[in-house]
Amino acid sequence: MTVLSASPAGATFGKEGSSSMTGTASADLPDELVVSGVDSHSSTLHVAVVTDRGGHLDDAEFPTKAAGYAAAIGFLQAHGTVTAVGVEGTSSYGAGFTRAARQAGLTVVEVNRPDTAERRRIGKSDPIDAYAAARAVVSGRATSAPKDSAVDGIRALQTAARSAVKARTAALNQITHLLVTAPDPIRIKYPAQPGDKRIAAPAQIRPATDHENTALLTALRTLARRVQSLTEEHTALTAELDKLVTGLGPGLRAAYGVGTDTAAQLLITAGANPERLRTQASFAALCGAAPVPASSGKTNRHRLSRGGDRAANAALYRIALTRDGPRPTHTRVRRPADRRRSHQDRDHPAAQARHRPRGLPAADHPRPGAPCRGPAADPAIEEHHPHHRGEPLRGLARCHLQHRARPAPR
């Protein structure tokens, strides 16, 4: 029978199933190279320290305040020279500690949450997650630098602008639903119209003029004015967002098919420090646009990626749709040649071969509108196509129709 007991204060887990008192042992090794892992939460963060070979040293919990961040950094530096700090949630709960650690000169590495199989095997707790983050840095599984804080303003403005759009859409739908069930005089007076025309008239309603439908008219006027207010709010937020995006990525914003919202989303995904993405393939994988191998045995295939940042994937999709449309000043993105059909394809020899009469040898016909070659060039054409001599060709489809009534001699 296995008995699980709580570890005493200051004890950390070494090998699985055992604990070791290492909280004070590191004080004798101030020059030791150590790596830290941080499991962040809304009100607390748990910090763990390991050696450069993954051995557990100590762990502690600190509040998510400026004083707590300073105490956590002092706790790390007391155990030796900190080579790197692995932080879970560098853009969420761990954002404050990430900024403080960078200001203290520490190297911060972004760490994903532990894998499901490992979590089932060793369990889950704040110390376990903190040690797992540190081991991810030591093993080299976590190498990405966190995003630069320069995009935080873009993220905030985009969040506000998108919430305004959602609220505006909800108000428009509510106006439509109220008009569907409204009395006939109101439905006739305020018919369904596209765009802002549907809002202009209800925004000027005077509920006091109709005592029977005062409540309904008040609701329609309130919703219509809410839509107008949200429209102005979204316009102002988009203008501010465009200034930030253009200042941070002028080349991206100037590219064809990249609008303010699309450029903002790509900057939020990549961060203001694009050097953290080493190749184009890494950015494609981050956006969920890279094919994922799905091969097994003799089957060699790929499937679409269902992971990555889906908002960035949608931004790339909008760019592709825009660039695939007609553009007067840019070169259009064409489809692959095997899918493209044009007028010239109908006169290609491969297409003409389907209309060749039986018994007729393959002839090298000129392009449409060119004169037919004489009998000295090809006797077969003279024998089977005497009506084409000296006349312009209109394609072998016409020739086939004529030879259906005049079969070739055997």
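Heavy atoms of the protein chains alone define the surface here; on that basis the stretch 134-235 has 59 Å² accessible area per residue at 1.4 Å probe size. Amide H to amide H, with H built 1.01 Å from N, THR44 comes under 5 Å of THR64, counting only residues 5 or more places away or on other chains. Spatial offset of the stretch 49-104 relative to the stretch 286-318 amounts to 35 Å, using the alpha carbon center of each. Counting charges near ASP210 (Lys, Arg +1; Asp, Glu -1) among other residues having Cβ under 14 Å from its Cβ returns a value of +2.
If contacts are Cα pairs under 8 angstrom and at least 6 residues apart, what is the relative contact order of the stretch 87-215 in percent?
Numbers: 68 pairs, mean separation 22.2, N = 129.
Result for the stretch 87-215 is 17 percent.
If you take every residue apart from PRO274 with its C-beta less than 11 Å away from the C-beta of PRO274, what net charge results, scoring Lys and Arg +1 and Asp and Glu -1? That works out to +1. Largest accessible area first, the listed residues TYR256, TYR69, TYR317 line up as TYR317, TYR256, TYR69 when surface is computed with a 1.4 Å probe on the assembled protein chains.
When a/c reaches 1.5 or more, the comparison of a/b and b/c decides; with that in mind, is the stretch 113-219 rounded, prolate or oblate per its Cα gyration tensor? Prolate. Working note: Karplus 6.51/-1.76/1.60 with θ = phi - 60° gives the stretch 109-124 the couplings 10, 7, 10, 7, 5, x, 5, 4, 5, 5, 5, 5, 6, 10, x, 9 Hz, where Gly and Pro are set to x. The length gained by stretching the chain between LEU252 and ARG310 to full extension, at 0.36 nm per residue less their Cα-Cα distance, is 18.9 nm. In order along the stretch 235-242, the Karplus-derived 3J(HN,Hα) couplings, from 6.51 cos²θ - 1.76 cosθ + 1.60 at θ = phi - 60°, round to 5, 5, 5, 5, 5, 5, 5, 5 Hz, and Gly and Pro are given as x. Post the alpha-carbon centroid distance, the stretch 175-196 to the stretch 119-159, in whole angstrom. Taking the Cα centre of each part, the stretch 175-196 and the stretch 119-159 sit 51 Å apart.
The values are calculated or read from the model by the stated rules, or taken from the named source; none is laboratory data. The model shown is predicted, which means the values in this text are computed figures rather than measured ones. Quick reminder, even Gly has a Cβ in these numbers, built from the backbone with ideal geometry, and neighbours come from all protein chains shown. Side chains are part of the model used for accessible areas, which takes the heavy atoms of the whole protein and leaves out ligands, DNA and RNA. Shrake-Rupley method; radii C 1.70, N 1.55, O 1.52, S 1.80 Å.
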